Amino acid sequence: MASVARMRDDQTVTFYLHSKLRKQAEAGNHNFISKISDVVHNADLHIAFDDDDTAARLRAMARPGYGLFLMQEPVNDRCLTFRKTYIYPFWRIEKQGKRWEWPVAKATFDPTEQNLRKSANFQRFWRNRLFRGPVNTHEGGFIHVPLQGRLLTHRSFQICSPIKMIETVLRCDPTRRVIATLHPSETYSATEQQALQDLLDQHPRLRLESSGSEYLLAHCDYIVTQNSSVGFMGFFLDKPLILFGKTDFHHIALSVETVGAQRAFDMIADHQPDYAAYLFWFLQMQAINAGRPEATDRIATTLRSHGWPI
């Protein structure tokens, strides 16, 4: 009996999810997880669910089967991570949590290989859907700087800390207004808030808002960020992007790591990549569109490529 139980454990795929999503997934009410489950069942594997806290991660390390974590680093080579590719219903399933190490980040984007008509239709459809119809975009004479967390820390994937990034923006573009926005899911320490206030006191061109808005995205001249998804969303509105960090959607952005800070800002006025072709390539060609009929085939192919017995 023990060998039968062990074999069943070896053939189990466990989803590690926070409590709200776990209940939704167990009820079959999450489209992408349900499609993964269908693929797993068709391969004669079993499905299980667990939490995503520290104790669950320890359990995952001890289990002999396979595991899927949402936006978390897998605990071993039998586990994978899955993550929304910035907008629903596009997803990725990867071996590691660092987006800048994903295959798509290392792939080469060639706009000439994309279908121009399909790309233009794709961008138009999603722009209208995401922004609730046609958007009146124009240059409003300001830079949009969406901030993330840990404003005073220079993390390994960043060129500098977010505070230093703001200082660099103000130095490299000495004329435009700079509107920085705080991330709604982050909690900022008193030290971080004071550092921001010091910058505001020193630079009249700088303004701070508590969160971003469609207006800022639509009317900014360009976007500067470490690797915030707001930069990616700007592509739907043909907004140029300067990155101060590593990410998976770097291909048509100007990277401070690659060209240097001042050169990136000098180049931004003439930076006009093919946004439509890129969005079609990055989302429709490179990610899994869970709304398409071929989604389960794409999921199966992806899991096999990661070594799963699918």
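The values are calculated or read from the model by the stated rules, or taken from the named source; none is laboratory data. The model shown is predicted, which means the values in this text are computed figures rather than measured ones. Reconstructed Cβ throughout: ideal geometry from the backbone, glycine too, with neighbour counts over all protein chains shown. Accessible surface is based on the protein model in full, side chains and every heavy atom, while ligands, DNA and RNA are left aside. Shrake-Rupley method; radii C 1.70, N 1.55, O 1.52, S 1.80 Å.
Counting only residues that are more than 17 Å from LYS84 (Cα to Cα) and free of Cβ contacts under 8 Å to residues at least 24 places away in the same chain, which one in the range 15-34 is most open to solvent (accessible area, probe 1.4 Å)? Only one residue fits best here, namely LYS23. In summary, ARG92 fulfils each of the numbered conditions (1) of a type outside the set (S, T, N, Q); (2) in a strand (DSSP E or B); (3) open to solvent by 30 Å² or more (accessible area, probe 1.4 Å) with the single exception of condition (3). For the range 148-158, which positions are polar (S, T, N, Q) and either touching a Gly at 6+ places or on another chain (Cβ under 8 Å) or buried (at least 17 other Cβ atoms within 10 Å of the Cβ) (or both)? GLN148, GLN158, listed by residue number.
Of the residues examined, ILE223 is not one that is in contact with a strand residue (DSSP E or B) (Cβ under 7 Å, 6 or more places away or on another chain), free of Cβ contacts under 8 Å to residues at least 60 places away in the same chain and open to solvent by less than 10 Å² (accessible area, probe 1.4 Å).
One line per residue, one yes/no per condition, for (1) out of contact with any Cys (no Cβ under 6 Å at 6 or more places or on another chain); (2) over 27 Å from MET285 (Cβ atoms); (3) in a loop (DSSP other than H, G, I, E, B); (4) open to solvent by less than 40 Å² (accessible area, probe 1.4 Å):
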position	(1), (2), (3), (4)
VAL13	yes, no, no, yes
ILE36	yes, no, no, yes
VAL40	yes, no, no, yes
ARG57	yes, yes, no, no
PRO64	yes, yes, yes, no
VAL75	yes, yes, yes, yes
ARG83	yes, no, no, no
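Evaluating ALA276 against the criteria (1) small (Gly, Ala, Ser); (2) without any contact (Cβ under 8 Å) to a residue 40 or more places away in the chain; (3) in contact with a Ser or Thr (Cβ under 6 Å, 6 or more places away or on another chain) leaves one unmet condition, (2). When residues in the range 188-210 are screened for being part of a loop (DSSP other than H, G, I, E, B), surrounded by 11 or more Cβ atoms within 10 Å (Cβ to Cβ) and not aromatic (Phe, Trp, Tyr), 3 of them pass. Within the range 275-297, the presence of at least one residue that is among the polar types (S, T, N, Q) and within 29 Å of GLU186 (Cβ to Cβ) is confirmed. Here TYR215 fulfils each of the conditions (1) surrounded by fewer than 20 Cβ atoms within 10 Å (Cβ to Cβ); (2) part of a strand (DSSP E or B) apart from (2). The C-beta contact set for the range 234-259 (first residue without any contact (Cβ under 8 Å) to a residue 40 or more places away in the chain and part of a strand (DSSP E or B), second residue open to solvent by less than 10 Å² (accessible area, probe 1.4 Å) and among the β-branched types (Val, Ile, Thr), distance under 6 angstrom, 6+ apart or interchain) comprises LEU241/ILE223; ILE242/VAL224; LEU254/ILE242. Counted as qualifying within the range 101-187 are the helices (runs of 4 or more DSSP H) with 2 or more residues that are in contact (Cβ under 8 Å) with a residue 12 or more places away in the chain and over 25 Å from ALA269 (Cβ atoms), namely 103-106, 116-130.
Every residue, every condition in (1) open to solvent by 20 Å² or more (accessible area, probe 1.4 Å); (2) touching a Phe, Trp or Tyr at 6+ places or on another chain (Cβ under 9 Å); (3) among the small types (Gly, Ala, Ser), yes or no:
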{"residue": "ASP110", "(1), (2), (3)": "yes, yes, no"}
{"residue": "ALA120", "(1), (2), (3)": "yes, yes, yes"}
{"residue": "PHE131", "(1), (2), (3)": "no, yes, no"}
{"residue": "PRO146", "(1), (2), (3)": "no, no, no"}
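Scanning the range 188-212 for residues that are of a type outside the set (Lys, Arg) and touching a residue at least 24 places away in the same chain (Cβ under 8 Å) yields a count of 13.
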